[in-house]
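See structure below.
The values are calculated or read from the model by the stated rules, or taken from the named source; none is laboratory data. Because the structure is predicted, anything quoted here is derived from the model rather than measured. Positions of Cβ are backbone-derived with ideal geometry, glycine not excepted, and every protein chain shown enters the neighbour counts.
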Amino acid sequence: MELTRTVLKIEWILLLIFLVNCISVDGQCSGKRCGECIVSGPNCLWCKQKNYNETRCAVEATLRSNGCSSGDIVRHPVASITKIKDAPLQDGGVGVEPIQLQPQEVKIRLVPNKLFRWTFKYRVAENFPVDIYFLVDPSYTMRNLRTQLANLADDIGTSIRNLTTDFRFGYGTSMDKVTLPYTHTTPEYLQNPCPGDSSLTCAPPHSFLHRLNLTNNVQAFREAVRATQTTANRDKTEGLLDGVMQVAVCGDKIGWRNKARRMLIYASDVDYHFAGDGKLAGIVRPHDLQCHLAPEGQNMKYTHDTILDYPSIGQIRKAITDNNINVIFVIDDREGYKNYYVKLNPDIPGSFTEELSTDATNILSIIRTTYEKLRGTVNFVNEAFQNIDTQYWSACGGRVSQTDQRSTCSNISVGAPILFEFRMTLNINKCPDNINERTVRSSIHPEGLEDRLDVNVEYICDCDCQAPGQAVENSTDCNKQGRLECGVCHCNDGWSGDKCDCDISKTQEETCGQTTDGVNYIICSNVGECQCGKCVCPADYTGDYCECYNKGCGGYIGTGELCNGNGLCQCSNCVCNEGYNGTTCDCPTSTDACTNNNGTICSDRGQCVCGKCVCDDNNYRGDQCQECPTCPGQCKANQDCAECVGFKQGKLSEFDCAAQCSHVSTEAVLPVENITKCQFFDDEGCQIEFTYEYDEEFKLKVVVKDTKTCPPGPPDATTLALGVSGAIFLVGLLLLLIWKLLTSCLDGMEYKKFATEINDPKWGFVKEPNL
């Protein structure tokens with residue numbers, strides 16, 4: 001019983017996991033067309049069933065549960081490969097170009113998110129061309145190698161000829177930059193860098209000399225080696241990397257063949273200068289990876305040794321790999337420098353480090369064994385495929401059961417074909433909209449060789465039911481106005497709807513749009529939807545473009561009524577009653593409130609706006625702009641009249657006062673409301689106050705206070721003297737009274753003491769002493 005419950009629990013858990021997984025995958029599936037759907041996920045399928053109202057893009061379980069028949073479920077298309085160039089493998093020979101890779105070009109139609117496998121062959125061809133360039137250190141300590149190369153030239157040719165009949169040799173020497181501190185630059189040293197040894201005459205120093213183009217003339221190779229004189233530099237480290245760079249990038253001058261295995265034999269007995277060392281000579285310009293060889297006599301000389309810094313290891317790697325060159329470092333290790341080059345091998349693909357014997361006699365075996373090792377090893381690489389993961393699988397000529405993920409095979413026999421499986425997965429969830437971006441071109445090639453297998457990839461972004469053979473143009477199911485594709489109508493231009501029954505020949509801008517600038521359109525006022533060329537408006541909106549909002553008029557917040565209760569709201573605009581205007585009908589048109597008693601509007605100093613005066617100048621105020629509290633000169637202009645009318649004084653004569661000051665009167669108390677108050681001081685220093693205002697007819701009226709405020713006059717000398725004398729007398733009298741009072745008090749105290757002593761009965765008696 002307990003076991004049964006446990007099993008049921010496990011089943012429910014598994015079912016729950018399955019459902020959750022289905023929901024999760026369904027959420028990844030999307031697309032309005034079949035092709036978009038199947039690209040969106042590896043398990044996404046499409047239902048092409050007619051009249052299917054559920055989501056057409058989902059996993060198979062969902063489609064089936066929603067009623068899509070099995071025959072209407074569209075599955076992923078099948079990837080395919082077409083061989084464009086498929087010449088058979090063949091050996092090389094006179095006038096025959098070897099073919100080691102088959103096919104040479106393919107076209108692949110790749111399904112997104114599905115693994116696709118295909119195979120190609122590789123076979124080491126007999127008589128495959130080989131170009132060997134010897135880059136030698138021309139120092140005194142490397143003289144044995146040069147001697148052996150010259151003596152063994154025929155033997156080296158014979159040994160290589162046993163491996164391939166199509167070979168060529170090239171030759172150059174590389175020492176160091178001809179500048180301090182790497183090389184002595186005195187005239188004597190530049191002529192003979194070995195002046196201390198009378199028995200040895202050295203050639204002028206050089207950075208790199210290309211002495212012999214790649215040739216099958218062994219005699220010319222031998223003579224070029226024998227003609228090499230010893231040279232020297234100042235420091236122990238040498239600059240052979242400058243030579244390596246020029247050999248790699250100067251292909252047309254060196255003579256590298258396009259279809260040949262390229263080998264560079266680098267021979268030295270010391271370590272090397274690299275990027276950054278040039279700073280010691282003030283050479284800071286990085287190497288540009290360009291060829292800089294120019295003729296010098298019968299040779300070609302590197303011209304930029306004092307201009308460009310030494311190349312970096314990364315630059316050497318790029319130059320070597322870009323030009324498919326295999327570097328063999330042949331090092332005389334008597335001073336322990338071999339390990340410097342061993343460390344370079346991981347950084348420079350296809351490179352090896354071999355030890356040169358003291359007498360250099362093993363150079364022949366080094367060349368032969370290295371070539372056999374290179375020929376018997378293949379490592380496939382490819383340029384990156386955009387959005388595509390790639391893998392190489394091979395048994396390397398063994399049993400199929402030994403097939404494993406690998407791109408390298410070793411110990412390959414000449415003439416024995418090896419099969420490689422290339423696996424590709426296109427990782428995209430959406431195909432590019434641009435058709436030209438749905439193709440990718442790259443190539444597969446053996447590292448260090450020019451053989452190429454060009455691969456053209458085309459993304460399969462459409463289902464079979466989208467192809468012309470299955471899709472129906474102008475289908476009756478689509479009102480003859482659309483293409484029936486995978487169960488869905490895709491309408492022609494000018495039509496829309498599930499059945500293409502909605503004429504939209506005009507654009508939304510033309511049928512449902514409004515514009516203010518002729519460029520930008522607003523569709524259905526941004527509140528409705530344009531359906532079949534008409535705006536479908538939500539509640540409270542009307543109009544051809546949903547532009548009328550029946551609650552969109554202003555004035556509602558302030559008064560509680562739309563249009564302030566002075567009009568009707570029509571299509572979001574207020575239509576005002578008679579006597580009102582403004583966007584919210586809040587502006588009366590009557591000017592009654594702005595009219596003075598004399599009939600002028602705003603005293604002719606303003607405009608009547610919405611029943612209120614807006615004065616033309618900030619100097620005026622009042623309901624009818626009748627006041628000017630800040631007008632300059634009014635107080636000043638009426639001072640003379642105020643003096644002559646109020647106090648019969650001032651500059652104006654009696655005649656002038658009567659003629660000019662008829663508007664001035666006097667009052668005991670000045671008015672305080674709606675007036676402007678003025679004050680000034682007359683010649684006697686008295687303050688005179690008056691006010692002015694404008695009456696209803698805008699006539700000036702001035703009222704002068706009939707009294708003026710004057711300062712007190714100067715004090716009288718006699719009065720002042722009497723006052724001071726009286727004050728002194730009073731102070732003296734006060735002091736005398738105080739003295740008299742104090743003396744009376746003291747006398748009283750003395751008398752009281754005397755009276756007390758008189759009344760004492762013992763007063764006057766002296767006590768006799770006791771005898």
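Note on segment 544-596: residues that are among the small types (Gly, Ala, Ser) and crowded, with 20+ Cβ neighbours inside 10 Å amount to 2.
Within segment 319-339, the set of residues being part of a helix (DSSP H, G or I) and exposed (fewer than 15 other Cβ atoms within 10 Å of the Cβ) comprises Asp322, Asn339. In this structure, Gly172 does satisfy being in a strand (DSSP E or B) and within 23 Å of Tyr310 (Cα to Cα). Hey, does segment 615-622 have a residue that's part of a loop (DSSP other than H, G, I, E, B) and of a type in the set (Phe, Trp, Tyr)? Looking for residues that are part of a loop (DSSP other than H, G, I, E, B) and of a type in the set (Phe, Trp, Tyr), one finds at least one in segment 615-622, hence yes. The residues in segment 281-328 that are among the acidic types (Asp, Glu) and either over 27 Å from Ser351 (Cα atoms) or in contact with a Pro (Cβ under 8 Å, 6 or more places away or on another chain) (or both) can be counted, and the count is 2. Look at Gln148 and say whether it is at pLDDT 95 or above, of a type in the set (S, T, N, Q) and surrounded by 19 or more Cβ atoms within 10 Å (Cβ to Cβ). For Gln148, the condition - at pLDDT 95 or above, of a type in the set (S, T, N, Q) and surrounded by 19 or more Cβ atoms within 10 Å (Cβ to Cβ) - is not met.
The residue pairs whose first member lies in segment 252-281 and is in the same structural domain as Asn324 (by TED's automatic domain parsing) and part of a loop (DSSP other than H, G, I, E, B), whose second member is aromatic (Phe, Trp, Tyr) and crowded, with 24+ Cβ neighbours inside 10 Å, and whose beta carbons are closer than 6 Å, counting only pairs six or more residues apart or on different chains, are His273/Tyr310; Phe274/Tyr310; Ala275/Tyr310. Residues of segment 499-543 that are part of a loop (DSSP other than H, G, I, E, B) and surrounded by 15 or more Cβ atoms within 10 Å (Cβ to Cβ): Lys499, Cys500, Asp501, Ile504, Val527, Gly528, Gly533, Cys537, Gly543. Every condition in (1) surrounded by 14 or more Cβ atoms within 10 Å (Cβ to Cβ); (2) more than 30 Å from Ala153 (Cα to Cα); (3) of a type outside the set (Gly, Ala, Ser) holds for Arg368 except the one numbered (2).
Counting residues in segment 446-458 that are free of Cβ contacts under 8 Å to residues at least 60 places away in the same chain, farther than 21 Å from Gly31 by Cα and assigned to a loop (DSSP other than H, G, I, E, B) gives zero. Based on this model, can you work out whether Glu296 counts as buried (at least 19 other Cβ atoms within 10 Å of the Cβ), farther than 22 Å from Leu152 by Cβ and charged (D, E, K, R)? Against the criterion (buried (at least 19 other Cβ atoms within 10 Å of the Cβ), farther than 22 Å from Leu152 by Cβ and charged (D, E, K, R)), Glu296 does not qualify.
Of the numbered criteria (1) modelled with pLDDT under 90; (2) surrounded by 16 or more Cβ atoms within 10 Å (Cβ to Cβ); (3) in a loop (DSSP other than H, G, I, E, B); (4) not aromatic (Phe, Trp, Tyr), the one Thr179 fails is (1).
Which of the residues that make up segment 282-300 are free of Cβ contacts under 8 Å to residues at least 60 places away in the same chain, of a type in the set (A, V, I, L, M, F, W, C) and under 22 Å from Thr185 (Cα atoms)? Val284, Ala294, listed by residue number.
For segment 236-260, a residue qualifies if it is touching a helix residue (DSSP H, G or I) at 6+ places or on another chain (Cβ under 9 Å) and closer than 23 Å to Gln191 by Cα, and the qualifying residues are Thr237, Gly239.
If you take the residues in segment 522-581 that are of a type in the set (Gly, Ala, Ser) and within 30 Å of Asp501 (Cα to Cα), which one is modelled with the highest pLDDT? Ranking the candidates gives Gly528 first. Scanning segment 363-391 for residues that are within 30 Å of Ser268 (Cβ to Cβ) and part of a strand (DSSP E or B) returns Val378, Asn379, Val381. Residues that are of a type in the set (Gly, Ala, Ser) and at pLDDT below 90 within segment 221-247 comprise just one, Ala232. Considering segment 301-311, the residues that are surrounded by fewer than 21 Cβ atoms within 10 Å (Cβ to Cβ) and touching a residue at least 60 places away in the same chain (Cβ under 8 Å) include one that is farthest from the chain's Cα centre (by Cα), namely Lys301.
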